[in-house]
Amino acid sequence: MTDPGGVRASDAEREAVVEQLRVASVEGRLTLAELTDRTEAAYSATTHAELALLTQDLPQAGGPQGAPAPYAAPAPEQRRRRWFVGVMGDAKRRGTWRIDQELGAVAVMGDVLLDLREAEVRTGVVDITAVSVMGDVKIIVPDGVIVDLDGIAVMGDKRVDVEEAQPGMNVPVVRVHAYAVMGDVKVLGDSRAQPLQRGFAAWREHWRRLHGENWRELGRAARDERHELRGRLREEGRENPRGH
């Protein structure tokens, strides 16, 4: 008899788990780093058992085979932007904190650090306006998020150094509007910053025991294998049309 957990997962079942993770994040159950890691792992999963590991500590909505109802976010309230300002000094926000509004960072001959990795993100997109005048604004995000950086730099620098997810993944988005005058605005991924000291959740320890250390590479290999299989099936269909 086939182990139910060993049944191979479909694309629809992966997307259902990704949606369940997103809802859990908006409800404050996951940090941005946890959401990003689990989302990438969901797209990398090949069986129902692997998908179940990602949501075993979350409220269940029928398991991988039952897609949760689409989350209807409440109408956004008109809230003021939350500002972090460093004028000839430092302003830092790291650790556990809540993001439920747009953010602003201003560094004037000083430094501002925003570490989003352990933040509880209650919005669909993290929106940040960063202004640097002869100063430095540094934003740290989990590797795997999508970073949308725009703005201008005059005798300064704005840049992104993040390992982004593969195209087609419904991963968290961090949008940064940068304005740098003789200063820097930098968005750094986890691998480019000081490692985050946090305990591994049960799902991640299970994943490592099953698959080894480099689970992101394994996930990319699994997705490439699925794409190659679909390509072969389409090619065989063209060579052997039905009825011939």
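Structure values in brief
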{"quantity": "Derived scalar couplings ³J(HN,Hα) [region 106-122; Karplus, 6.51 cos²θ - 1.76 cosθ + 1.60; whole Hz; x for Gly, Pro]", "calculated": "10, 10, 10, 6, x, 10, 10, 10, 10, 9, 8, 4, 9, 6, 8, 9, 9"}
{"quantity": "Farthest toward positive dipole pole in region 151-193 [+1 Lys/Arg, -1 Asp/Glu at C-beta], among PRO167, GLY151, VAL185", "calculated": "GLY151"}
{"quantity": "Sulfur and carbon atoms: percent of accessible area, region 93-183 [1.4 Å]", "calculated": "51"}
{"quantity": "Region 99-165: translational diffusion in µm²/s, Stokes-Einstein, Kirkwood Rh over Cα pairs, 20 °C, 1.002 mPa s", "calculated": "166"}
{"quantity": "Amide H within-cut-off set for VAL162, under 5 Å, with H built and near neighbours excluded", "calculated": "GLY189"}
{"quantity": "Peptide ranges 24-34, 167-177, 129-139 listed from the most packed, as the mean C-beta count within 10 angstrom indicates", "calculated": "129-139, 24-34, 167-177"}
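The values are calculated or read from the model by the stated rules, or taken from the named source; none is laboratory data. Bear in mind that the values here come from a model prediction, so they are computed numbers and not experimental data. Backbone-built Cβ (ideal geometry, glycine too); neighbour counts: all protein chains shown. The protein model used for the area step is the full one, side chains on, heavy atoms only, and it has no ligands, DNA or RNA in it. Shrake-Rupley method; radii C 1.70, N 1.55, O 1.52, S 1.80 Å.
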